[in-house]
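A quick write-up on the structure given underneath.
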Amino acid sequence: SHGVTSRTANLTYSGESGGLNEATSDIFGTMVEFYSNNSSDSPDYLIGEAIYASNPSDSKALRWMYQPNKDGSSPNCYASNLGSLDVHYSSGVANHFFYLLAEGSGSKTFGPNTVTSPTCNGSSITGIGRSKAEAIWYRALTVYMTSNTNYAG
């Protein structure tokens with residue numbers, strides 16, 4: 001997925017643009033997971049859960065797109081200090097946005113887990129579906145984003 005980013009918007013790998021870069025890889029990697037129909041890896045919105053030797057309930061992951069702050073370092077919502085975070089942590093805002101866009105804030109089951117995704121203002125959101133969300137993100141990446149794009153645009 002990093003190759004897609006480098007050949008399109010070529011987002012700089014630092015600051016907020018680095019977070020968007022990392023989130024883009026998480027987003028497209030997750031979509032591949034959904035499309036691959038791999039019975040040994042149920043599709044979900046977890047990043048890196050398979051690297052843990054014993055993880056039967058997917059309680060461990062590098063990143064949780066539906067609730068980024070579960071890793072203890074990634075914010076769920078935008079804050080002015082986002083650009084000073086490591087890109088793997090600042091990706092949380094875009095990962096959370098994408099999850100909410102695709103799935104909404106209500107209860108969903110992925111593999112062994114039923115999850116909800118809290119919004120930043122406590123409102124309820126209805127998702128538009130993965131396919132539409134993916135198309136919107138790809139269009140933004142290929143038409144609107146440039147190497148210095150940040151969360152404000």
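The residues Ile27, Ile128, Ile47, when put in order of fewest to most other Cβ atoms within 10 Å, stand as Ile128, Ile47, Ile27. In the chain, the longest principal axis of the Cα atoms and the axis of helix 87-103 are about 70 degrees apart. Extension gain for Tyr13-Asn38 works out to 6.0 nm (0.36 nm per residue, less the C-alpha to C-alpha distance). Taking only Cα atoms, what is the 0 to 90° angle, nearest 10, from helix 15-36's long axis to the longest principal axis of the chain? Helix 15-36 sits roughly 40 degrees off the main axis of the chain.
Each value in this text was obtained by applying a stated rule to the coordinates, not by laboratory testing. Being a predicted model, the structure only gives us computed values, none of them experimental. Cβ: placed from backbone, ideal geometry, glycine included. Neighbour counts: every protein chain shown.
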